[in-house]
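Right, one structure below, let's go through it.
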Amino acid sequence: MSSDFRPWWFADALRRAPPPPVTPLQGDITADVCIVGGGYTGLWTAIMLKQANPQLDIVLVERERCGSGASGRNGGCLLTWSAKFLTLRRLFGEAEALRLVKASEDAVYAIRDFCREHAIDAEVRVDGALYTATNRSQLGSMAGVMAALDGNRTNSWRTLPLADVQRLAGSAVMLEGVYSPAAGSVQPALLALGLARVARELGVRIFEHSAMQRLIPSTPPRVQCAAGSVSASKVVLALNAWMPEQFSQFSRSIAVVSSDMIITTPCPAELAAIGLNHGAALCDSRIFIHYWRTTVDGRLMLGKGGNTFAYGARMLRQFDEPSRQVAMLQASLARFFPSLASVPLAASWNGASDRSVTGFPFFGHLNGHRDIVYGFGYSGNGVGPSWIGGQILKSLALDEDNVWTRSGLATGPRGHFPPEPVRWLGSQLVRNAIRRKEAMEDREEVPWWLDRQLAKFAQAAGKADKG
C-alpha cells in the first residue's frame, strides 16, 4: 500500500515533530536483533530490548515511515482490557485475567511516565474513559464485568450520575455511563514519532522505506529487503494487519477491517460550552462502537469501527484514502452534539485494524522457529496494549522464562475465521444486520429477530463483555 495521502494525525505530527531524513537499508548487514515494523509494537520492543541490554545491536526496518500505519492514524484512545475481563477469564483463567487487566492499566501510566521522562510531547492526558449508553438497548452493558471485577476487588469502574455522564460526554443523548480513571488519550502519531526518536537515541538503527520482501528462516534468520538484507540472531515480526500478506498461515487468524474517523476544525469555545474540555476517551456501547475525544487545540475527533472488511485479509487501497463513511460519521456527530453540527470538518481518514477471533493480540514463534517471534491482532485497542506487546516480544526474543513468556497470550492464535469467500460474505451479512439492528434501537424499535442473532457473531469485536 503506497500513497501520498497522509491521515490527519500523521500529517500534523510530521509538521510539528519532523523526523530525520529517511535512511533506506543498503547492503547486507548483521545485528543481534532485527525488528520488522516501525509501529508501536516494534518500537516498544526495540526500546525494551535496549533497556534490558544496552549492548544489543538492534536494527529496525519499516516499509514506509515509522508510525505511518495504524500507530499514527488510530483514534488516540488510551484504553485498557478491564472491560473485557470476562473474555480474558474464559480464555486464560481468573488469575491470569486479573494480571492482564492490572498490566493493561499499568500500561496507561507507564506510557504517560515514559513520555514525561523522555520529553515526548504526545499530548498524553490521563483523564479516564467513559463508556456510555446512547439508546436503551445499551443500558447495563458493563454490569456483568463490573460485578466480576468487584468480586475480585480490582474494579476501577464506577457508575456516574446521569448529569455527570452527559457533562463528561458532552451530550444529552447519553442515558448511562461508567467511568474509569485508568485511561485517557494521546496524539497517536506524535507518540509513534517520539518512540522512534528515543529508539534512535538508545542506539537502534532504523531503516525506513525498507519493506521486507522475504524472510529466510535460516540459522541465523535473514530479512531480505529491496536493496539489502539483515542477518540477525533474533527476528521480531511486528507487522500487525500486514502479517497475512507475508505469511499466508495467518490469513484466517485475523479479519482486516477499517476504522473510520473525522476531525473538526478548532472550536474550543463550542467544546467548552458542552463540557468537552478534557482528554478522556469516550465511546458508546455498540458492537462496532462510536468513539470520540477532543484535542489539545480544541478539535473534536469522532470515529466508528467495523465498516470495510477486506477479502482475504488483504490491504485495500481505500485504507490509505479519506474515509468513505463521512456522511455516516457526520450524522452521528450531529445526533450526539447538535451544537457542533455546523462546525467544518478538517479531514477524514481510515485505517486497517487487525481483528482477532478473541479480540486480543497473540504472540509466538513463527512455525516453531525459536529465533523468529511475532505478535499482532490488537483488534482496535492497541495504543495501551502495545506496551504489553513490547514486554512479551522482548521476553520471547531474549528467551526469558517469565510471566510474559508463560502467558496464554504467547501461545499463538486462538481460533480462526472461516475460509474465503465465507468469511467476507459472512462479514457483510453480519455488519449489515448490526447496522439495521442498531438503527432500530436508536429509534426505540424492536430489531428483527434474525438481525439480533446475526449480531451475536460479532461480539468478540465489541468494546466490552456483555456479562
* Those residues of the range 353-398 which are in a loop (DSSP other than H, G, I, E, B) and of a type in the set (D, E, K, R), in sequence order -> Arg370, Asp371
* Structure fact -> Of the listed residues (Ser407, Ser427), the one being over 16 Å from Arg286 (Cα atoms), at pLDDT below 95, surrounded by 14 or more Cβ atoms within 10 Å (Cβ to Cβ) and in contact with a strand residue (DSSP E or B) (Cβ under 9 Å, 6 or more places away or on another chain) is Ser427
* Looking at the range 333-343, is at least one residue within 25 Å of Ala133 (Cα to Cα), in contact with a helix residue (DSSP H, G or I) (Cβ under 9 Å, 6 or more places away or on another chain), crowded, with 22+ Cβ neighbours inside 10 Å and of a type in the set (Phe, Trp, Tyr)? -> yes
* Asked: In this structure, does Ser323 turn out to be of a type in the set (Ser, Thr, Tyr), in contact with an Asp or Glu (Cβ under 8 Å, 6 or more places away or on another chain) and either part of a loop (DSSP other than H, G, I, E, B) or on the phi < 0 side of the Ramachandran plot (or both)?
  -> yes
* Structure fact -> Scanning the range 165-196 for residues that are surrounded by fewer than 19 Cβ atoms within 10 Å (Cβ to Cβ) and touching a residue at least 12 places away in the same chain (Cβ under 8 Å) gives Arg167, Val173, Leu175, Pro181
* Could you tell me which numbered condition Ala110 fails, if it satisfies all but one of (1) under 18 Å from the mean Cα position of the chain (by Cα); (2) assigned to a loop (DSSP other than H, G, I, E, B)? => (2)
* **Any hit, the range 22-44, residues being of a type in the set (Asp, Glu), touching a strand residue (DSSP E or B) at 6+ places or on another chain (Cβ under 7 Å) and touching a residue at least 24 places away in the same chain (Cβ under 8 Å)** => yes
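Ser285: within 27 Å of Ala458 (Cα to Cα), outside any loop (DSSP other than H, G, I, E, B) and of a type in the set (S, T, N, Q), yes or no?
no
For the range 53-82, what are the residues that are of a type in the set (A, V, I, L, M) and either in a strand (DSSP E or B) or within 28 Å of Ser323 (Cα to Cα) (or both)?
Of all residues in the range 53-82, those of a type in the set (A, V, I, L, M) come to 56, 58-61, 70, 78-79.
Result: Ile58, Val59, Leu60, Val61, Ala70, Leu78, Leu79.
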* Residues being under 21 Å from Ser427 (Cβ atoms) and among the basic types (Lys, Arg): count how many of those fall in the range 272-309. => 2
* Kindly establish whether Ser156 is crowded, with 22+ Cβ neighbours inside 10 Å and either within 26 Å of Cys115 (Cα to Cα) or at pLDDT 95 or above (or both). => no
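Whether any residue in the range 48-60 is in the same structural domain as Val235 (by TED's automatic domain parsing), of a type in the set (Val, Ile, Thr) and more than 30 Å from Leu300 (Cβ to Cβ) is what I want to check. Reasoning before the result, please.
The initial filter retains those residues of the range 48-60 that are in the same structural domain as Val235 (by TED's automatic domain parsing), namely 48-60.
Still in the list and also of a type in the set (Val, Ile, Thr): 58-59.
Filter once more, so that each one left must be more than 30 Å from Leu300 (Cβ to Cβ): 58-59.
Yes: the range 48-60 contains one or more residues that are in the same structural domain as Val235 (by TED's automatic domain parsing), of a type in the set (Val, Ile, Thr) and more than 30 Å from Leu300 (Cβ to Cβ).
The values are calculated or read from the model by the stated rules, or taken from the named source; none is laboratory data. It should be emphasised that the depicted structure is a prediction, and the values quoted were computed from it without experimental measurement. No Cβ is skipped: glycine too gets one built from the backbone with ideal geometry, and neighbour counts run over all protein chains shown.
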